[in-house]
Amino acid sequence: MIRVFAGIALALVATQALAEPYRLAPYKDDLFKYPVVLDSRDNGDYVVVGYDKDRDLYQRDEVVERKVRWQYVSSVPHATSTYQGATGPLQFVGAGKVDGGAQAVVIYIHGQGGNRLQGADDGMFGGNFNRIMNLMAQNDGAYLSPDFTDIGPAGAADIRALVLDQAKKSPGAAIFIACGSQGGAICWDLAADAQALPHIAGLLLLGSNHDDAFLKSPTVKPKGRRFPIYLGHGTLDPIFAWQDEAAFYIKLRKVAPGYPIKLAIFDTGVHGTPIRMTDWRLVLNWMLEVDGR
């Protein structure tokens, strides 16, 4: 009888474990959570986050904008690998299960003048790239920061090839594309790409731009594949005005009521602030919930 009850208990535990959705477990949440929310609207979909240059830059970095203080980083294995781009081999820096078996994949697209090393720099951007690498490596995920031909059609074709390769290696994985600055052009190209679109579980635009053409795409229709979108932007961004991204957020909610989109405005933040301050775990777990995984 004891064995019967023990067997039932084990079966219940196993069933419960199988029923629990995939989410990213905490990693240094106290250090990377939003320090203060100054305003919250639309049930938390639109937030204004307080950014303090003294607290969030000078006190956080040992060498300003180059090396974060030790407590913000932890060792995580990451290495350069090769993938087949649209016209030839290219390199990426990867962490976690980049060769297959990942439950989720994050691909970071750098902006103009960057390269694969930017998205894998442990010390820059307040250690936030180290955090996402750790989050993915510790949660059966994969993180990739690739080189690509350009910020244009050729580069978008490279990243499409990388998305399809990761989808093949990790069938069913949630694939998120995070685009910094002008790299956002590739995010929007992929959102309109018939081959890449079925695999995209979410887009993160970090100090980036919008695409009004998306407002007329099949994706926004009631029966479209409404993957979640996150916009992070600083109010003092000299490249892309935050008001334009806020206007896109409002327009998308108007033409597609209920569309899963969030906007985080970093008060007094500059162009690179969203890369430094975005709470990866908060955003990705929201996207996983929307995606139904």
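Every read-out reported here was derived from the displayed coordinates using simple, explicitly stated rules and does not represent laboratory data. Predicted, not measured: the structure shown is a model, and the values here were computed from it. Cβ coordinates were reconstructed from backbone atoms using ideal geometry, including for glycine residues, and neighbour counts include every protein chain displayed.
Couple of notes before you dig in:
- Charged-residue dipole, Cβ positions (Lys, Arg, Asp, Glu), the chain about Cα centre, Debye nearest 20: 820
- Farthest towards the positive end of the charge dipole of the chain, among the residues H210, N43, G269, is the Cα of N43, using unit charges on the Cβ of Lys, Arg, Asp and Glu.
- Counting Lys and Arg as +1 and Asp and Glu as -1 over every other residue whose Cβ lies under 13 Å from the Cβ of Q182, the net charge comes to -4.
- Span from the region 122-155 Cα centroid across to the region 249-286 one, whole angstrom: 18
- Expressed per residue, the C-alpha convex hull volume of the chain stands at 152 Å³.
- Taking a quarter of the surface of the Cα convex hull of region 149-266 gives a mean projected area of 7.1 nm².
- Region 208-284 - convex hull of the alpha-carbon atoms, volume per residue in Å³: 83
- Under the Debye formula (equal points on every Cα, no solvent term), log10 I(q)/I(0) of region 119-171 at q = 0.14, 0.19, 0.21, 0.29 Å⁻¹: -0.48, -0.79, -0.88, -1.01
- Secondary-structure-derived ellipticity at 222 nm for the chain, considering helices only, amounts to -9000 deg cm²/dmol, per-run term -39500 (n - 2.57) for DSSP H runs with n ≥ 4.
- Put simply, the amide H of V106, placed in the peptide plane, has neighbours under 5 Å in A142, Y143, L144, F176, leaving out anything fewer than 5 places away on its chain.
- Here M287, M133 are placed in order of increasing Cβ neighbour count within 10 Å, fewest first, which gives M287, M133.
- Placed amide H near G101: partners under 5 Å, 5+ positions off or other chain: S170
- Considering only the chain, percent of DSSP beta bridges that pair antiparallel, nearest 5: 35
- Given charges at Cβ of Lys, Arg, Asp, Glu: region 26-291 dipole, positive-most of G85, G123, P257: P257
- Of F129, F214, the sequence from fewest to most neighbouring Cβ atoms within 10 angstrom is F214, F129.
- Of A154, A247, A201, the one that fluctuates the most in a GNM where the chain has Cα springs shorter than 10 Å: A247
- Shape index of region 15-151: Rg/Rh, with Rg the Cα radius of gyration and Rh the Kirkwood radius from the inverse mean 1/r over Cα pairs, equals 1.01.
- When each of Y58, Y108, Y27 is scored by the number of other beta-carbon atoms lying within 10 Å, the sequence from fewest to most is Y58, Y27, Y108.
- Tail fraction, Cα-Cα pairs, region 63-105, threshold 14 Å, whole percent: 65
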